[in-house]
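Each remark here refers to the structure printed beneath this line.
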Amino acid sequence: MTRRFEFLLLLPAGVFVLAFLLVPMAALVPVAGSGRLGWSAYLAVVTEPRYRATMISTLVVAAATTALTLAIATVAAQFLASRRFPGRDLLVAMLTFPLAFPGVVVGFMVILLSGRLGLVAQASEALFGERIVFAYSLGGLLVGYLYFSIPRVILTVMAAVEKLDPALVEAARSLGAGPFRIQRDVVLPALAPALVAAGALCFATAMGAFGTAFTLATRIDVLPMVIYTEFTLGGNVAIAAALSIALGLVTWLALALARNATGAVAAAG
Amino acid sequence: MTAEETTAHGASLSIRRAGKTFPGGVVALAPTDLDLPAGEILVLLGPSGCGKTTLLRLVAGLGAPDPGGAVLFDGVDVTTVPIERRRVGMVFQSYALFPNMTVAENVGYGLKVRGEPKSSRDAEVGRLLDMVGLAELSDRPVDRISGGQRQRVALARAIAIRPKILLLDEPLSALDAALREKLRIELARLLRRFAITAIHVTHDQAEAMAIGDRIAVMNQGRIVQLGTPEDVYVRPADRFVAGFVGVMNRLPGRLLPGCGVAEAFFRPEAVAVGPPEAGSVVAMVTAATFFGAYRRLTLDVAGHAVEAEVPAERPVRPGDAVSLAVDPARLHVFPT
């Protein structure tokens, strides 16, 4: 009876995994081999310089987004979790605001900030007589990704900070440790699981984000953009499928490596 | 034990008019004076919210007293010295061991922070782990040792920096009752062996009796009685102490001269129980529990329950009528 009940509990997850994950992915695999290049479409991701460069720049943007997001969010989350000041609740509520924005809106906001007529351009022209414009480059993309990843990472890390036993920090202080030492020896190791989880989500989202890049960019080559152009404009379904699978695998591999590395660090203490 | 281990270390502590008012005007601790000679173990005993932890945190430097208050170690004012430089050892209720470090790394952390070279650090950690009986667990992660072992690691970690004062904030209350009783004796033994000035906070009066050289009973932000465990048990200063420390009977009555209302307090062992006689107070036994060395009786005295102790060999049963007398020397009367 209990076994049958457990099987029933597994059913929804099983159906979901089969219908939305395994079947489409399995279908994608032969599609990639059906094109002009045959199965070597998979190799093209590595051998074709344009695809390879795209893959590398996508990885760099995603990694930079993750690193900057974690650095900013860890500091901000600790401040927000431990301090009470007027307007704090409003600020925390506002953090959830950008969560609902689609990438297109984020891209639009980046253009308003750092486009040809954006705030940065106007300010820099007034100050230095030169318009600084970075919205349509990888820099603009990075700003856009930071904009939507920082709030969600702050919220995750804040929850972890609030669960941290305040006595841990007090014990370290009583033993003579200063604030930076406590961060390194006590707080960051305790937050590591939350940072890895939040960082993984941030990285994966940045690898696959499309709307922001699409809005900003004629000249931005990130993998989701290339997949889109190959698929809709070039009609190159096979390459699009191979690139999709490569994107998934590389993201998965990067996350597995990060998880292993942080696990080893935590164990070594 | 080497000579060094038995030498009393630690500072004397003086607290001068130290109070604590929290934002919003809640007075957690009324201005308090307290003196603790070097090497003495003081227990702060009281119910939750009585101000005992607030007082401990003022001594630790985790909170500043209200203006006018001062904390002195060996006569030196340390009120403005932050906890990082105050050299206090702290043991927390949650132990607060660093989960990413081994037993030995936890114990050695304070020495590492102070830049002590690894060789002397390792020797000191080894010596401390020996003292608390955990030498063979030194390389274990702290999440793979028992609650009692964690408590000893926390104690060794706090002692390692040779603190001026050791502060223990309910270090036994996370343990189950049987283990708590065993470790209470163990902790008292270790603290005497470290021979260090210590303040131990607890709400458990049996723990206070076992550990303290002196006990400060606290209620509503004040020290209501300060004395040896015997003082506090035998000569309670007021109704609160009488009711809080140990098992105490209370009977309402009137003070004869002014006809004021009062309550009489007396311990179960102050009650003499005999065969019912004319002219004596007669009571009905409602329960009798055998405790091995003695028998604990619950008596009904004119509608009030009174606990009494009789020798175990006296065959008293529920339903028996007995006479009862209270030793007047051990009767405490407080006006209500």
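Miscellaneous remarks
- Residue pairs, from the table A:K163/B:K182; B:K20/B:K182; A:K163/B:K112; B:K52/B:K182; B:K20/B:K112, whose Cα atoms sit over 29 Å apart: A:K163/B:K182; B:K20/B:K182; B:K20/B:K112
- Chain B: most fluctuating residue of B:L226, B:L324, B:L45 per GNM, C-alpha cutoff 10 Å: B:L324
- With the cut-off at under 20 Å, measuring from each backbone N in segment A:189-219 to a point 7 Å along the Cα-to-Cβ line of A:L28 picks out A:200-214.
- For B:S12, the residues 5 or more places off, or on other chains, whose built amide H falls under 5 Å of its own are B:A38, B:D74.
- Working from label points 7 Å from Cα in the Cα-to-Cβ sense, the B:T21 to B:A264 distance is 4.4 nm.
- Kyte-Doolittle mean at least -1.0 and Cα axial length at least 24 Å: DSSP H helices in chain B: B:177-194
- Pairs of Cα atoms in segment B:192-336 fall into 10 Å distance bins, from 0 up to the last occupied one, in shares of 10, 33, 31, 19, 5, 1 percent.
- Residue among A:L22, A:L113, A:L249 with the largest mean-square fluctuation in a Gaussian network model of chain A, springs linking Cα atoms under 10 Å: A:L22
- Residue-wise HN-Hα coupling along segment B:229-246, computed from phi with Karplus coefficients 6.51, -1.76, 1.60 (Hz; x: Gly, Pro): x, 5, 3, 5, 6, 7, 10, x, 6, 8, 4, 4, 4, 4, x, 8, 9, x
- Under Karplus coefficients 6.51, -1.76 and 1.60, residue-wise ³J(HN,Hα) of segment B:198-205 in Hz, glycine/proline x: 9, 10, 10, 9, 7, 10, 9, 5
- In this entry, chain A is assigned a mean projected area of 21.2 nm², taken as a quarter of its C-alpha convex hull surface.
- For chain B, the share of alpha carbon pairs falling in successive 20 Å distance bins from zero is 27, 47, 23, 3, 0 percent.
- Kirkwood hydrodynamic radius (C-alpha pairs) into Stokes-Einstein, the protein assembly as shown, 37 °C and 0.692 mPa s, D in µm²/s: 108
- Loop-resident chymotrypsin sites (Phe, Trp or Tyr not before Pro) (DSSP state other than H, G, I, E or B) in segment A:96-137 with no more than 16 further Cβ atoms inside 10 Å of their Cβ are absent.
- Interchain or long-range residues, amide H under 5 Å from B:T32's placed H: B:R17, B:A18, B:G19
- Gap separating the Cα centres of segment B:77-110 and segment A:1-32, nearest whole Å: 50
- Both radii were evaluated on the Cα set of segment B:115-201; the Rg over Rh quotient, with Rh as the Kirkwood radius, amounts to 0.96.
- A:A256 paired with A:A71, simple spin-label distance in nm, labels 7 Å along Cα-to-beta-carbon: 2.9
- Computed E for A:R184/B:D143 - FRET, C-beta separation, R0 22 angstrom, nearest 0.05: 0.60
- FRET efficiency estimate (nearest 0.05) - Cβ-Cβ, B:A177 to B:D327, R0 22 angstrom: 0.10
- For chain B, modelled as a GNM whose springs connect Cα atoms under 10 angstrom apart, the maximal fluctuation among B:A38, B:A302, B:A283 occurs at B:A302.
- Computed from backbone phi with θ = phi - 60° and the Karplus coefficients 6.51, -1.76 and 1.60, the 3J(HN,Hα) list for segment A:126-141 is 5, 8, 10, x, 9, 7, 9, 10, 9, 4, 9, 10, 4, x, x, 4 Hz; x is used for glycine and proline.
Values in this text are rule-based calculations from the coordinates and carry no lab data. Only a predicted model underlies this, so the values are computations on that prediction, with no experimental measurement involved. Reconstructed Cβ throughout: ideal geometry from the backbone, glycine too, with neighbour counts over all protein chains shown.
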